[in-house]
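Contents: one structure, followed by commentary.
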Amino acid sequence: MPPRKIQDEAEVIRWFEEGRTYEWMQAEYLRKYNIETSVPMWSAFRRRKGLDRRNLRADDLLPWKVRPEHRHAYPAIMLRTEARLRAGRDMTERDSKRLSSWKTMLADEGLVVHYDPDTEDGFFYVPREAGDADLIREPQSRDGNRAQD
């Protein structure tokens, strides 16, 4: 069996708790221990140790399969920010203010977010309907297509 690359597990756990990126960990291990590592290695360590996911899944607020060209649209960013808030994650004051302003706009104008992957913009604001219980227009299926009720 090859020697273990992780030299100090407590140190690595601390880095995860500090929010260090995988890329930072790779560079630090190379600098400190002269050991080359990979992103999948750090991800596997996180999973084995039961540490929190680095990126929060926002399936309730982003239930669609979002195309790469739409992932950084403002509504998508705000929905991910709202997911972080709901999960109790830390948020900058700037993000908190932006989110509050965005949610106020949705409420004041009676809008929800709708996603259509087959359009150039992808995300749209549409009038809130009686069945809209959250910030989004729920798709009837996870692929973004309406299923039969």
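The values are calculated or read from the model by the stated rules, or taken from the named source; none is laboratory data. What you see is a predicted model, and the numbers here were worked out from it, not measured in a lab. Here the Cβ positions follow ideal geometry from the backbone for every residue, glycine too, while neighbour counts run over all protein chains shown. Side chains included, ligands, DNA and RNA excluded: accessible areas come from the protein's heavy atoms. Shrake-Rupley method; radii C 1.70, N 1.55, O 1.52, S 1.80 Å.
What to note about this one:
- Any hit, the stretch 128-142, residues being surrounded by 11 or more Cβ atoms within 10 Å (Cβ to Cβ), of a type in the set (Asp, Glu) and either assigned to a strand (DSSP E or B) or touching a strand residue (DSSP E or B) at 6+ places or on another chain (Cβ under 7 Å) (or both): yes
- Those residues of the stretch 111-123 which are part of a loop (DSSP other than H, G, I, E, B) and under 21 Å from Gln140 (Cα atoms), in sequence order: Asp116, Pro117, Asp118, Thr119, Asp121, Gly122
- Exclusive hit being modelled with pLDDT under 90, open to solvent by 50 Å² or more (accessible area, probe 1.4 Å), farther than 18 Å from Ala58 by Cβ and out of contact with any helix residue (DSSP H, G or I) (no Cβ under 7 Å at 6 or more places or on another chain), set Arg146, Arg84: Arg146
- Residue check for Gly50: open to solvent by less than 70 Å² (accessible area, probe 1.4 Å) and under 30 Å from Ile13 (Cβ atoms): yes
- Residue match in the stretch 57-80 (condition: of a type in the set (A, V, I, L, M, F, W, C) and either under 29 Å from Gln7 (Cα atoms) or more than 14 Å from the chain's Cα centre (by Cα) (or both)): no
- Any pair with Cβ under 7 angstrom, 6 or more apart, that starts in the stretch 15-39 at a residue that is at negative phi and surrounded by fewer than 14 Cβ atoms within 10 Å (Cβ to Cβ) and ends at one that is among the hydrophobic types (A, V, I, L, M, F, W, C) and at pLDDT 85 or above: Glu36/Leu30
- Listed by position, the helices (runs of 4 or more DSSP H) enclosed by the stretch 1-107 that each have at least 1 residues that are closer than 29 Å to Asp121 by Cα are 74-86.
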